[in-house]
Structures are given as structure tokens and as C-alpha cells.
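Notes for the one structure printed next.
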Amino acid sequence: MKAGIITFLGSNCDDDALYALGDVLGADTSRVLYNENELPELDLVVLPGGFSYGDYLRCGAIARFSPIMAAVRKFADAGGLVLGICNGFQILTEAGLLPGALTRNDCVEFRCKWVNVRVENAQTPFTGELSPGDVLRIPIAHTEGNYFDRPENISRLNEENRVVFRYCDEKGQVTPEANPNGSIENIAGILSEGGNVLGMMPHPERACEELLGSSDGMRILRSIALYATNRTPA
């Protein structure tokens, strides 16, 4: 699998993504800068976490205008796999590649902690190694992770099985207490209409080895690699 990690001004998880995908998973990885106009030949594009452009104006609102985003949109429109993590998720919503918005945590503070997420849809390019109901232990680190959209759009996400992860407790129960940011219906990750773009607030790249506290994030990254390897070229 060939994976490209976009580096925006202010990204701080791009090296983590390069390490998890390259050193741990063994994928062919490369860094792609924000001011480039084209992508190399890739199976996966990752928009990493961080504070692109200092989160001025709104999280992801400036990064969406970076030159590379036109190439990311073209890649996604052609069916390419795109993974937006934390700030990357925020950028994808600002760019219109995913619906809704990420607003300030209901606790009105930065949250950096381990959380549990339940797999809601295991039939995606990002969850093929998983089963519905699996509980993953993955960390978060954000101030604006409170996912929001209009009720009719949330209903559509549910009807189309596009909610991939929900915050839950260790037993997989989706409860208000397990929700770290107030996200509507405990939503932690969603898919695009085409199913090839995933945005999630938790950081799978920070849960790639047991030494870090959990290797559950690798189950997501391995799922992507498995899908990319078995994918039939168009």
C-alpha cells in the first residue's frame, strides 16, 4: 500500500502517521506538503491531526484552501481512500468532503485522554478486520471534537450506515458518560456518501503499539492496507 500523509502548516501528528503506517505497518509512505498541487500515485491519503494554521478562524477553515486540497478532492472523487484524523476530520468537513461540523467540546476545554469507541459498521475499507460491536481503545486530543449536524442529516447518516464509530464505555455501551466532547449521538467517526472518505476524532496512529498503551488503532490501519491490497484496479 502506498500512503501519502499531508503536512499542513501546524500539523503535529504527521510524523506519528508516518511512523504508524511506515515503520509499524510496513506501508510505502511519503510526506506531501500543503503547497503542492498534485499527489503522487497513492492508495491512501491521510490528513493528520494537529493545529493547522493555528486553528485561527475555525479548526480546518484555512487549511481547506491549501493548494493540495484540490488534488485531495480529485483523488476522493475518483474513489481514492482518504482518512482524516482529528484536525484532518475538521478539514474534511470544512472542505465539504464530509457533512456536518466539529464544534467546541461541551466541557469547553481541551480533552486529551484514552477513550473507547464501538465499531458500528465493519463493512467499510477502514474496518474490514473488525466486527460490529468491537470496542477499540484509542486516544483523543482536541478542543473542537463535538460533531454536529441537522437532525435530518444525522438520520440520513444512520439510515445509510455511515456512522462508523461511536464513543462507548469498556463494555460497548453508548452512554452520555462515555462521550468526551458532547458529540451528537456519541458519533466519533463518519463516512462520505461514496464510502471512501473517513473522518474520525480519535487517533489510531497513536494506538499502534502496546508500548503506547494500546495497539487497537492498528486494526484500522491494517484494514485499510488489506482493502488496498485486494482492491481491483478500475
What residue, of ALA178, ALA76, is at pLDDT 95 or above, of a type in the set (A, V, I, L, M, F, W, C) and farther than 15 Å from SER192 by Cβ? ALA178
Across the range 59-92, what is the total count of residues that are touching a residue at least 40 places away in the same chain (Cβ under 8 Å), out of contact with any Gly (no Cβ under 7 Å at 6 or more places or on another chain) and either part of a helix (DSSP H, G or I) or of a type in the set (D, E, K, R) (or both)? 4
How many of the residues in the range 135-170 are of a type in the set (A, V, I, L, M, F, W, C) and not in a strand (DSSP E or B)? 2
Provide a single number: the residues in the range 93-122 that are surrounded by 20 or more Cβ atoms within 10 Å (Cβ to Cβ), β-branched (Val, Ile, Thr), in a strand (DSSP E or B) and in contact with a strand residue (DSSP E or B) (Cβ under 6 Å, 6 or more places away or on another chain). 2
Among the residues in the range 96-110, are any within 17 Å of the chain's Cα centre (by Cα) and aromatic (Phe, Trp, Tyr)? no
What residue, of ASP28, ASP15, is over 19 Å from ASN196 (Cα atoms) and free of Cβ contacts under 8 Å to residues at least 12 places away in the same chain? ASP15
Set PRO125, PRO132: member being in a loop (DSSP other than H, G, I, E, B), more than 16 Å from the chain's Cα centre (by Cα) and touching a residue at least 12 places away in the same chain (Cβ under 8 Å): PRO132
So SER66 ticks every box in (1) within 20 Å of SER11 (Cα to Cα); (2) in contact with a helix residue (DSSP H, G or I) (Cβ under 6 Å, 6 or more places away or on another chain) but one. Which box is left unticked? (2)
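The values are calculated or read from the model by the stated rules, or taken from the named source; none is laboratory data. Remember, predicted model here, so these are calculated numbers, not experimental data. Neighbour counts run over all protein chains shown; Cβ positions are idealised from the backbone, glycine included.
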